[in-house]
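Student: Quick one: structure below, then a few questions.
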Amino acid sequence: MNTMLQGWGLWAALIGASVGTYVCRAIGVLLSGRIDQDSEIFRWLSAVTYAMMGALTVRIIFLPVGLMDTVPMAIRILICVLSVGVMLSKPSQRLVPALLTGTLLMVSYGVIR
């Protein structure tokens, strides 16, 4: 009987999480037409988002965990600098070529090593 109640609890948690997720999404869709994307709150949220991504990127480069920890710091920094260089060299198409450069260089290092 106890395992049956645990099974129902898991289903209730799944349904509750799904309803919560979709309610938040529905509210976002309903409010999206009324929100000014150039407002101060959105500029602040954008700045916070960029700061978090920058901090996570720096953490991955300088304090890696797992397989990335096996790559020497000089190689990680070199790949990062090359990727940023690719990003700065093509102003109209920045992100995809830089991501491909970093990914391919890191995979190439793994294959060569």
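Student: Filter the helices (runs of 4 or more DSSP H) completely within the stretch 23-113 down to those with at least 1 residues that are over 17 Å from the mean Cα position of the chain (by Cα) and of a type in the set (D, E).
Tutor: Those helices (runs of 4 or more DSSP H) span 40-62.
Student: Could you list, ordered by first residue, the pairs with Cβ atoms under 7 Å in which the first is in the stretch 78-89 and touching a residue at least 24 places away in the same chain (Cβ under 8 Å) and the second is assigned to a helix (DSSP H, G or I) and of a type in the set (A, V, I, L, M, F, W, C), at least 6 apart or interchain?
Tutor: Note: pairs meeting the criteria are I79/L105; I79/M106.
Student: Suppose we filter R76, R34, R43 for residues that are charged (D, E, K, R) and closer than 30 Å to R113 by Cα; which single one remains? Steps first, please.
Tutor: On the way: R34 fails: closer than 30 Å to R113 by Cα; R43 fails: closer than 30 Å to R113 by Cα.
Being charged (D, E, K, R) and closer than 30 Å to R113 by Cα holds for just one of R76, R34, R43, which is R76.
Student: Testing V48 on (1) closer than 28 Å to R113 by Cβ; (2) modelled with pLDDT of 90 or more, one condition comes back false. Which one is that?
Tutor: For V48, the failing item is (1).
The values are calculated or read from the model by the stated rules, or taken from the named source; none is laboratory data. From a predicted model like this one, the values you see are computed outputs, not experimental measurements. Every residue, glycine among them, receives a Cβ derived from its backbone with ideal geometry; neighbour counts consider all protein chains shown.
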